[in-house]
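The next block holds one structure in the form of structure tokens; read it before the comments.
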Amino acid sequence: MRTAKVQRKTKETDIRVEVNIDGSGLPDNRTGIKFLDHMLDSFSTHSLVDLKVRGKGDLQHHMVEDVALSLGQALSKALGERKGIRRFGQAIVPMDDALAIAALDLVKRPYSSVQLGLERAMLEDAPREDLEHFFFSIAMSLGSTLHIKVLDGKNDHHKFEAAVKALALAFRDASTPDPRRSTTPSSKGKM
């Protein structure tokens, strides 16, 4: 099984993340930020990654960023050398009025381009700018190239949640073992 545990303890936060990429999508997340917990639960459910997050911290900004960094690190650690995986994943997710796409490459070259089109300053109990930074932090610590675009929508909650679900499905696709490949999925022989 592809599992990992990560702890990130700083003067600002104390984060613990456990993942099982080959799980069944069991979420168990408690960060003290309800909207973030809801999004982590959604990621777990749709990626089929069993995800347990525990977090305490001083500011919401630090919590959202450090949870994302820890989640990316745990997923990267669980992927190991990334041999035999599909590597690429993409998804289009409709959620009521919102429509989001995500494309992911688990190549170990961090990059992100995220366009969410959020308008409100707060989404439930989380600042918009922290949530927008969430995807960047995951991409950097996961070592992935990530593109997320929200193509339509009026409700910011739906737009962000559709983007999280699209990322979850793209990760599920990219991390899936390829039955025809046992080597690194790169013409360079190394990622």
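The values are calculated or read from the model by the stated rules, or taken from the named source; none is laboratory data. Remember, it's a predicted structure, so these values are computed and weren't measured experimentally. Note that each Cβ is placed from the backbone with ideal geometry, even for glycine, and that neighbours are counted across all protein chains shown.
Please specify each residue of segment 106-133 satisfying the condition of being touching a strand residue (DSSP E or B) at 6+ places or on another chain (Cβ under 7 Å), more than 23 Å from Arg86 (Cα to Cα) and either of a type in the set (D, E, K, R) or in a strand (DSSP E or B) (or both). Residues satisfying the conditions are Gln115, Arg128, Glu132.
Across segment 150-179, the qualifying residues are those that are under 23 Å from Ser24 (Cα atoms) and among the basic types (Lys, Arg), and the one among them that is surrounded by the fewest Cβ atoms within 10 Å (Cβ to Cβ) is Arg172. Would you mention how many residues in segment 6-53 are of a type in the set (A, V, I, L, M, F, W, C), within 19 Å of Leu169 (Cα to Cα) and in contact with a strand residue (DSSP E or B) (Cβ under 9 Å, 6 or more places away or on another chain)? Total satisfying the criteria: 9. Determine, yes or no, whether Ala100 is small (Gly, Ala, Ser) and at pLDDT below 95. Judged against the criteria, Ala100 is not a match.
Could you tell me whether any residue of segment 81-94 is aliphatic (A, V, I, L, M) and either under 12 Å from the mean Cα position of the chain (by Cα) or over 30 Å from Arg181 (Cα atoms) (or both)? No - not one qualifying residue is present in segment 81-94. From the list Arg128, Arg120, the one residue that fits, being surrounded by fewer than 16 Cβ atoms within 10 Å (Cβ to Cβ), of a type outside the set (S, T, N, Q) and either touching a His at 6+ places or on another chain (Cβ under 7 Å) or over 27 Å from Thr176 (Cα atoms) (or both), is Arg120. Would you please name the residue that is farthest from Asn20 (Cα to Cα), looking only at residues in segment 79-97 that are part of a strand (DSSP E or B) and in contact with a helix residue (DSSP H, G or I) (Cβ under 6 Å, 6 or more places away or on another chain)? Of everything passing the filter in segment 79-97, Met95 is farthest from Asn20 (Cα to Cα).
Right, Lys56: modelled with pLDDT of 95 or more and either within 17 Å of Leu169 (Cβ to Cβ) or under 14 Å from the mean Cα position of the chain (by Cα) (or both) or not? Considered against the rule, which asks whether it is modelled with pLDDT of 95 or more and either within 17 Å of Leu169 (Cβ to Cβ) or under 14 Å from the mean Cα position of the chain (by Cα) (or both), Lys56 comes out as no.
Here Leu151, Leu169 are screened, and the one residue that is under 20 Å from Ser47 (Cβ atoms) and not polar (S, T, N, Q) is Leu169.
Scanning segment 100-144 for residues that are farther than 19 Å from Lys34 by Cα and among the basic types (Lys, Arg) gives Lys108, Arg109.
Evaluate the following for Ser76: is it under 17 Å from Leu36 (Cα atoms), in a helix (DSSP H, G or I) and touching a residue at least 60 places away in the same chain (Cβ under 8 Å)? The answer is no for Ser76.
Exactly one residue among Thr45, Thr13, Thr31 is crowded, with 16+ Cβ neighbours inside 10 Å, hydroxyl-bearing (Ser, Thr, Tyr), farther than 25 Å from Val93 by Cβ and modelled with pLDDT of 95 or more, and that residue is Thr13.
In segment 148-167, the residues that are closer than 13 Å to Glu119 by Cα reach residues that are of a type in the set (Lys, Arg) and crowded, with 18+ Cβ neighbours inside 10 Å with C-beta atoms within less than 8 angstrom, at least six apart or across chains, in these pairs: Val150/Lys159; Gly153/Lys159. The single residue among Gly72, Gly80 that is surrounded by fewer than 20 Cβ atoms within 10 Å (Cβ to Cβ), under 30 Å from Ser186 (Cβ atoms) and not basic (Lys, Arg) turns out to be Gly80.
Whether a residue is of a type outside the set (A, V, I, L, M) and modelled with pLDDT of 95 or more was assessed, and Lys108 does not pass this test.
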